[in-house]
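The values are calculated or read from the model by the stated rules, or taken from the named source; none is laboratory data. Everything numeric in this text was worked out from a predicted model, so none of it was measured. As a convention, Cβ positions derive from the backbone with ideal geometry for all residues, glycine included, and neighbour counts pool all protein chains shown. For accessibility, only protein heavy atoms count, side chains too; no ligands or nucleic acids. Shrake-Rupley method; radii C 1.70, N 1.55, O 1.52, S 1.80 Å.
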Amino acid sequence: MKTFEELGVSEEIRHAIEELGFEHPMPVQEEVIPYLLGNGNDVIALAQTGTGKTAAFGIPLLQRTNPNSRTTQAIVISPTRELCLQIADDLKSFAKYIKGINIVAVYGGTSIINQIHALKHGAQIIVATPGRLIDLMHRGAAKLDNVQNVVLDEADEMLNMGFSDSINEIFESVPTDRNTLLFSATMSK
Ligand code: AMP
């Protein structure tokens, strides 16, 4: 069994996850973390909730984010408000000892004004439901031209919920050389 250090996880992040009680990487983390810490890698992973998938994509995202730039460098798309909040909370706790990283969750069913304000401060990582992210893009509040990583979490759920047009529109707004990380509990062609 490998350690997080052997997978290449930075000291700051190891400090934070040790405090959370993570002793050893879970299997999906052992597979995905070293791969995503390399350059220019796309991933498709079959992983259910509870397998440690949030840390599998979240740790490399954080480690590859430049805290000195306020531009949005990564977006995580997920189907529900609850999941957005959960992912953003997890990322914030992994980032506890990294200075200057701002993670903002945006989702529908609530006032957009506070979310516009939150994005104005500069969010390197946006965790979003698809429809609300598009709304924020149209209003000029979410700017995706420097995004290097796009994570689709629970991709199968998002397709079941009819988000495929929105997801396509989001993909048209990010650079073509970004990495795509797709996590799903089930997989079709
Ligand atoms: P997830 O599949 O991302 O929803 O994670 C499931 C749960 O496992 C969460 O409560 C995580 O905090 C926890 N977890 C993730 N990675 C580890 C690890 N390496 N060791 C112990 N717990 C972990």
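Taking the C-alpha atoms only, the angle from helix 81-94 to the longest principal axis of the chain is near 40 degrees. Of the residues Leu119, Leu85, Leu159, the one that moves most in a GNM of the chain with alpha-carbon contacts below 10 Å is Leu159.
The angle separating the long axis of helix 27-37 from the principal Cα axis of greatest extent in the chain is about 70 degrees. If the reach is capped at under 15 angstrom between alpha carbons, list the aspartates and glutamates near Lys96, excluding any in the same chain fewer than eight residues apart. Hits, sequence-local ones excluded: Glu11, Glu12, Glu18, Glu19.
For Lys120, a cut-off of 17 angstrom between C-alpha atoms picks up these lysines, skipping any fewer than 8 places away in its own chain: Lys143.
Per-residue accessible area (protein heavy atoms, 1.4 Å probe) orders Thr3, Thr176, Thr49, Thr65 as Thr176, Thr49, Thr3, Thr65, starting from the largest. Taking θ as phi - 60° and the Karplus parameters 6.51, -1.76 and 1.60, the scalar couplings of the range 170-187 work out to 4, 5, 6, 9, 10, x, 6, 8, 5, 8, 10, 10, 10, 10, 8, 7, 10, 9 Hz in sequence order, x denoting glycine and proline. Over the chain, dividing the summed -39,500 (n - 2.57) contributions of all DSSP H runs of at least 4 residues by the number of residues returns a 222 nm mean residue ellipticity of -12000 deg cm²/dmol. The angle between the Cα long axis of helix 53-63 and the longest principal axis of the Cα atoms of the chain comes to about 90 degrees, rounded to the nearest 10.
In straight-distance terms, cross-link reach from Lys2 covers every one of the lysines whose alpha-carbon lies under 18 Å from its own, apart from those fewer than eight places away in the same chain; here that gives Lys53. Per residue, the range 11-184 exposes 47 Å² of solvent-accessible protein surface, assessed with a 1.4 angstrom probe and all protein chains in place.
Taking all Cα pairs closer than 8 Å and separated by 6 or more residues, the relative contact order of the range 36-177 comes to 29 percent. Atom-type composition of the exposed protein surface of the chain places 48 percent of the accessible area on carbon and sulfur (1.4 angstrom probe). Loop-located trypsin sites (Lys or Arg not before Pro) across the range 77-162 with a Cβ neighbour count of 16 or fewer within 10 Å are Lys96, Lys99, Arg139, Lys143, with loop assigned by DSSP.
Distance between the modelled labels on Glu23 and Thr71, one decimal in nanometres: 4.3 nm (7 Å Cα→Cβ projection).
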